[in-house]
Each structure stands twice: as structure tokens, then as C-alpha cells.
Amino acid sequence: MVDNQAFNCEHVWREISNYLEGEVEPTLRAAMEEHFRTCKRCTSVLEGTRNVIRLYSDERMIEVPTGFGRRLEKRLAQNTRASRKRWSSWSAWLVPVAALALITAGVWLTNSWTAARRDRSQMAAIERNIPPDMKVVVSDGAKLFHVAGCDYIHNKDKVRTLTAKEAIREGYTPCLRCLRKYVDTTAAIGHTTLDSEAEARDADAKDEQQGGGQ
Amino acid sequence: MAEANAVLNNPEPATTREQELIARVQRGENDLYYELVRPYERRVYAAALAILRNETDAEDVAQEAMLKAFANIRQFRAEARFSTWLIQITVNEALMRRRRERTVVMEGIDDRREEESDYAPRDFADWREIPSEALERKEVRQKLAEALAMLDRKYREVFVLRDMEQLNIQETAEALGISVASVKTRLLRARLMLRDLLAAGWDKGWFSRLPFEKGAKPW
């Protein structure tokens, strides 16, 4: 309950804003209304404040500089158009670019896949066909073994010589450039045969020399 | 008391047209954005002006705020009032601008003053209601604007957001980053001070050409 004896003008002024907001308790509201009936000063404050709120809340109280709306519209138009333009220019070339990228990637992947597959099969053919005891060179840290003098040897000053069989066992794979002739099985076989024949001839010759010497 | 509350305009809820515009702009129909914000351009400007007190800055910030609202339109949720959302963005932009430009050195001093002390009205003349038609007159609007400009910043901001921009107390508190209690205290003081300023203006003949009965003050 609000004590009417102690309820004076200061109390009313303190609550007058909340009163106008409709934010005071029913008992306080009743006491204030009772007070307004008898107090001209507080009624003056109430009605004056009400006038203030009502007039200032009027849309006409907000004055904007001349041309404000026009400038705003222009700036919005520029920006909203710009954002659409950005998007449309994006989308305009995004599709062909993406398509081209996909095609390129596809072709590249296919090529590299088939190339890798072809390389692997050629390497396997070389490994099958190469004479196991043929001297080849490798350099440490590299992956391939080569014929001595191949242009594609890495770290030429660090090469060591070993047999093809050893090189394969150590994990080296054949160089497709200098050992290409062993890809073609028949050619390789022919080659091998020829080499073997040559070696045999050499051996025979040695034997002959040795035999001849005896 | 319904009559007492009637003075505090509660803005109409969002129209179907507004909801439709929001949805369409959110879907990318950018050209409709100006139609959506046009009804609020004056309020957005007034919010910026209340904080910056400089017409050029206020216009720039108002435009920036509306562009920012456009950029973030997809984040707007239908539960909120679009006008409130727009004004809160504006207040935020304006406060950031002011902080950046450090124009508050002078006004910062009176912020330290105790705001809890009661404000006692000074003028108790008889009242009468001022008709809204009075606002058709430029000099009346001018005098009201001058009185508002005389308020300290913290009172002016709360008054503009609550009584001119129609934000509620909670929204005003959130926009300015102050407590609800502070909003209420400042609002009371702003309203009472404006009333006294205008009553004094009445004595000085500010409103002498208004068609009122002699001796009756509107404030």
C-alpha cells in the first residue's frame, strides 16, 4: 500500500515517466491518480511531459537534409547493383572456367594415369628383359638405374656400378630413356641373344686364345 | 489508464508487404531493398544525428548503416521488428564512429555526474494540450529541435531512441549498451528537462504565434 501521508510531489515526479510508460504498480498508479486530482503542480508536470512525448514522437519532428532520400537511394542502388554485378560477372565466367578446369584436370589426370601405367608396364618389361648381370650405374638417393653415360643420371659424380639384378634388388627401377631398348620383348630378347652370342664369341675367342696358347 | 499510455505510440506491427519485401531481398532481389528501408530513412538519420550531432556525419552513418543492414539482411529474423533492427545497427555504427573520432571529450565530463539525483521540475503553469498541427510550423519544429540539442548527450540519446524512434526501454538499453534502470532514469530526466526548456521558451515568446489561450502553457 502507498502511504498517502508520505506520498508527496517528489514521489510523483520520480515516477511520472514510468507512469506514462504504463510501468507502475496498480496501487502506485491509483495513488498517483489520486494525487493528480488535487495537485495542480503535478498535473502541470504530467500534461507538459505528455505534450513533450507526443510532439517529439511525431514523424514531422525528424528533419532530414535536402536530398537525403535521393542520395541514399543512389548509394544503395550503386551498392546493391555492384553486389549483383560482382555476382553476375562471377557467375558469367565461373561456369566456363570451372568447366575448363574440370576438363583440364580430367585430361591431365587421365594422361598422367595412363602415362604412369604405361611407364610402370615398360619398367616391368625392362626388368624382365634386361640381362641380370649387365653392368648399370646408380647414384645414392636416386630412384633409377642407368646405362653408364646416360644423360639422365642424377649426381653423376656419385655413381656406383652394379649389375642390373642388384640394382633391381636394391629397389632401383630402370631408366626409360637409356634402357628403352629392353621394353620390346622381342627386340630385347634379340638383343640379349646378340649380346649373349657376342659374349659367347668373346668367351670362345678367349678360350681359343688360351687354348691356342696352350 | 489507457489515456496515459495512448501518448506513447507503439509502432504498428510489420505489414505483410514489409515481410514480403524482406523475404524477397533475402532471396537476392536487391532492387527491392530501397523500397523496404524507405519508410525508415528519416528515423535512421535521426538516430545517427542524436549520437553524432553533425548532419554530414549523421547522413554518412545512416547510409553506412543501411548498407550494413543490406549486407546482413539474411541474418534478420522475422521475430524482431525490422525498424528496431535497422535502428540498432545505426546506433551501433554511430557509436563506433564517435569512438573513432573521439568527439566526446567535452561531453564525457558530464557523464561522470551523478545521475541518480532527482530532477525537480521548475515550471508549474497551467497546461493545455498542444495540437500536433503546431508541428506544421517550421519555427515550432525548430524550437523543439533546439531544446533537444540543449540536453546532455546521455539524456538526448535515450530520449531520441525511446520517444522519437519508438524503441522500447529494453531495446534502447541494448542499443546503447546501458542498463534498463539507466534508461528509465535518463528518460525521466530528459522528459522533465525538455518540458522545462519548452516552458521557458514559452515565456520567451518562442511559441507566441501559436493559437493558444493567453496564460495557458502547454508545458
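Would you check if there is a residue in the stretch B:49-66 being outside the structural domain of B:ALA149 (by TED's automatic domain parsing), under 13 Å from the mean Cα position of the chain (by Cα), more than 25 Å from B:THR15 (Cα to Cα) and surrounded by fewer than 22 Cβ atoms within 10 Å (Cβ to Cβ)?
Within the stretch B:49-66, one or more residues are outside the structural domain of B:ALA149 (by TED's automatic domain parsing), under 13 Å from the mean Cα position of the chain (by Cα), more than 25 Å from B:THR15 (Cα to Cα) and surrounded by fewer than 22 Cβ atoms within 10 Å (Cβ to Cβ).
Restricting attention to the stretch A:3-46, which residues are of a type in the set (Val, Ile, Thr) and under 60 Å from the mean Cα position of the chain (by Cα)? Even if it seems obvious, please write down each step before you answer.
The first filter runs over the stretch A:3-46 and keeps only residues of a type in the set (Val, Ile, Thr), leaving A:12, A:16, A:24, A:27, A:38, A:43, A:45.
Residue satisfying the conditions is A:VAL24 alone.
Could you pull out the residue among A:ALA92, A:ALA77, A:ALA82 that is modelled with pLDDT under 90, facing chain B (nearest Cβ under 8 Å), surrounded by fewer than 16 Cβ atoms within 10 Å (Cβ to Cβ) and not in a loop (DSSP other than H, G, I, E, B)?
Values: A:ALA92 fails: facing chain B (nearest Cβ under 8 Å); A:ALA82 fails: facing chain B (nearest Cβ under 8 Å).
Only one candidate qualifies: A:ALA77.
Filter the stretch A:26-58 down to residues that are at the interface with another protein chain (Cβ under 7 Å from one of its Cβ atoms) and under 30 Å from B:SER83 (Cα atoms), then give me how many there are.
Within the stretch A:26-58, residues that are at the interface with another protein chain (Cβ under 7 Å from one of its Cβ atoms) and under 30 Å from B:SER83 (Cα atoms) number 12.
Being among the charged types (D, E, K, R) and surrounded by fewer than 20 Cβ atoms within 10 Å (Cβ to Cβ) is the filter; apply it to the stretch B:144-183 and report the residue that is nearest to the other protein chains (Cβ to nearest Cβ). Even if it seems obvious, please write down each step before you answer.
So in the stretch B:144-183, the residues among the charged types (D, E, K, R) come out as B:146, B:152-154, B:156-157, B:162-163, B:165, B:171, B:174.
From what's left, surrounded by fewer than 20 Cβ atoms within 10 Å (Cβ to Cβ): B:146, B:152-153, B:174.
Numbers: B:GLU146: 12, B:ASP152: 16, B:ARG153: 17, B:GLU174: 17 Å.
The selected residue is B:GLU146.
Report, by residue number, each residue of the stretch A:121-141 that is outside any helix (DSSP H, G or I) and at pLDDT below 85.
Here is the first cut: in the stretch A:121-141, the ones outside any helix (DSSP H, G or I) are A:130-141.
Within the stretch A:121-141, A:ASP140, A:GLY141 meet the criteria.
A:GLY69: surrounded by fewer than 18 Cβ atoms within 10 Å (Cβ to Cβ), modelled with pLDDT under 95 and facing another protein chain (nearest Cβ under 7 Å), yes or no?
Details: surrounded by fewer than 18 Cβ atoms within 10 Å (Cβ to Cβ): yes; modelled with pLDDT under 95: yes; facing another protein chain (nearest Cβ under 7 Å): yes.
Yes.
Take A:LEU20 and decide whether it is without any contact (Cβ under 8 Å) to a residue 12 or more places away in the chain and buried (at least 19 other Cβ atoms within 10 Å of the Cβ).
Working: without any contact (Cβ under 8 Å) to a residue 12 or more places away in the chain: no; buried (at least 19 other Cβ atoms within 10 Å of the Cβ): yes.
The answer is no for A:LEU20.
Do any residues in the stretch B:111-137 that are more than 7 Å from chain A (Cβ to nearest Cβ) have Cβ atoms under 6 Å from those of residues that are surrounded by 13 or more Cβ atoms within 10 Å (Cβ to Cβ) and modelled with pLDDT under 80, where the two are at least six apart or on different chains, and which pairs are they?
B:ARG128/B:PRO218; B:ALA134/B:LEU210
Which members of the stretch B:137-152 meet the condition of being closer than 17 Å to B:MET164 by Cα and assigned to a helix (DSSP H, G or I)?
Residues of the stretch B:137-152 that are closer than 17 Å to B:MET164 by Cα, as a first pass: B:140-152.
B:VAL140, B:ARG141, B:GLN142, B:LYS143, B:LEU144, B:ALA145, B:GLU146, B:ALA147, B:LEU148, B:ALA149 - these are the residues of the stretch B:137-152 that are closer than 17 Å to B:MET164 by Cα and assigned to a helix (DSSP H, G or I).
The values are calculated or read from the model by the stated rules, or taken from the named source; none is laboratory data. Everything numeric in this text was worked out from a predicted model, so none of it was measured. Positions of Cβ are backbone-derived with ideal geometry, glycine not excepted, and every protein chain shown enters the neighbour counts.
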